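Coordinate-derived values only; no laboratory data. Just so we're clear, the structure is a prediction, and the values are computed from it rather than from any experiment. Backbone-built Cβ (ideal geometry, glycine too); neighbour counts: all protein chains shown.
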Amino acid sequence: MPNLKFIKNRSDIGAGTRGCDIGIDAIEIAAINAGSDYFMRYPFVDLETDNETVYDKVKTTFAKRITHVREQCQRVSDMTQQTLTEGYFPVVLSGDHSSALGTISGIKARFPDKRLAVIWIDAHADLHSPYTSPSGNVHGMPLAAALNVDNIEDQVNEVRDQTLAEWERLKNIGTEGAKVTPDNLIFFGVRDTEAPEDHLRERHDIRNYMVHEVRYRGLDVCLDEAIEQLDGCEMIYISFDVDSLDCDLVSKGTGTPVSKGFDTLEVKRIINRFLATGKVICLEVCEVNPLLDHKGNRMAEAAFEVLEAVSTEHMQFSESTPSVS
C-alpha cells in the first residue's frame, strides 16, 4: 500500500463564491455512494480554518481577507512540510485554490535546495496580484505569489500599504522569495484569463497546453514535451482545479465554471503520466462546490473518479527516494 496521507483543508475564504468549504465532504459522499472505501484506506488530518471570517467586513478590497488567507496558507504549508518529513505522500484536498500557495511553500520549506516543477490543471492562470486583480479574490493569486511577481507593469489598482504588507508576507511563507520559476510552471487547460495574466505569461513564456491543442496534436505528444521541459526538475507538484473540466459536459459545481474544458479521462491521463515519472511529490484537488452543482453531486463524483483512477503505486515518498533525498 502506498504511504499516502490526506490533508483536508476545508477553507473557502479565498474564493468569491461560498460553498467549496464542503467540497471535500461532497467528494467523500461520492465515494460512499460508489461503494468505495477509498478514504478509509489512508490516514488523514483535518486543518483548522477561519471560514467564519466571511462575515467580517472586507478591509483589503484588492486582496479580500488576505490576512486570514495567509494564515490558512501557513497552516497548509506547515502540514505539507510535516507530512513529507513523516515520509508520506501528501494528497491535499482543498476548498478554494488559494491554498496551493501554502502547499507549494510547504514543499519548498522541506526541500529548499531542490528544483520544483508545478503542473497547473485549471481553467484559470491564477497569476493576478493585488495590483491587477479585478475581483480581489485571493484564489486568483497563488501562482503570482509562488513566482514572487507583482506584475507592476500591468497595474490597475491602487493598493493600500496594509494589503501590500500582507501580500509580502504571503509571498514569503515557507521560504523567502520565489518557490518556482516560470520555466518550471506548465499549464494544462487554462482558457479564462484577463489581460494582465496574459501579458505576464507572455513575458515569461509560460507554456499553456490548451484543450484544443491537446486534442489536435495528441495528449501523449504534449505530455512528452512537458516532461522533457521539466527534465531538470527533481520534484513535481500537481494541482487539479475541477474547473479545468468542461462545465457543460461534466458539471457547473465549481465557483468559476468554464466551457470547452477537459473530460475526466484526459485529466486522469495527465496526472498518471506525470506520476509515472517518479518525480511527483504532492497532488492537490480543489474548488468542488456542491452548492452550485446543477447535476446533483456530479462535480464531486468526477473529482472522486479522478482521485480513484490515478495510479497510487506511484504515490510513494520516503527519505530514501533518490530524486528528493
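Dipole magnitude for the chain: computed about the Cα centre from +1 point charges on Lys and Arg Cβ and -1 point charges on Asp and Glu Cβ, it is near 280 debye. Projecting label points 7 angstrom from Cα along Cα→Cβ for Gln229 and Lys57 puts them 4.6 nm apart. Principal axis extents of the Cα atoms in the chain, from largest to smallest and rounded to whole angstrom, are 50, 43, 43. As a ratio to 2.2 N^0.38 Å, the alpha-carbon radius of gyration for segment 146-243 is 1.26.
Using only DSSP helix segments of four residues or longer, with each worth -39500 (n - 2.57), what per-residue ellipticity at 222 nm results for the chain after dividing by its residue count and rounding to 500?
Rounded to the nearest 500, the figure is -10500 deg cm²/dmol.
Scalar couplings 3J(HN,Hα) for segment 36-41, obtained by applying the Karplus form with A = 6.51, B = -1.76, C = 1.60 to θ = phi - 60°, are 9, 9, 3, 7, 8, 7 Hz; x denotes Gly and Pro. Converting phi to 3J(HN,Hα) with the Karplus coefficients 6.51, -1.76 and 1.60 and the offset θ = phi - 60°, segment 61-70 yields 4, 8, 7, 4, 6, 4, 4, 6, 5, 4 Hz in sequence order, with x at every glycine or proline. Of the trypsin sites (Lys or Arg not before Pro) found in segment 154-215, the ones in coil according to DSSP and having at most 16 other Cβ atoms within 10 Å of their Cβ are Arg160. Longer than 22 Å from Cα to Cα, which of Lys64/Lys114; Lys59/Lys179; Lys5/Lys64; Lys171/Lys252; Lys8/Lys108; Lys8/Lys295 are they? Say none if no pair is. With Cα atoms farther than 22 Å apart: Lys64/Lys114; Lys59/Lys179; Lys5/Lys64; Lys171/Lys252; Lys8/Lys295. Among His68, His204, His139, the largest mean-square fluctuation in a Gaussian network model of the chain (Cα springs under 10 Å) belongs to His204. Residues whose amide H falls under 5 Å from that of Lys64, counting only those 5 or more places apart or on a different chain, are Asn137, Val138, with hydrogens built in the peptide plane.
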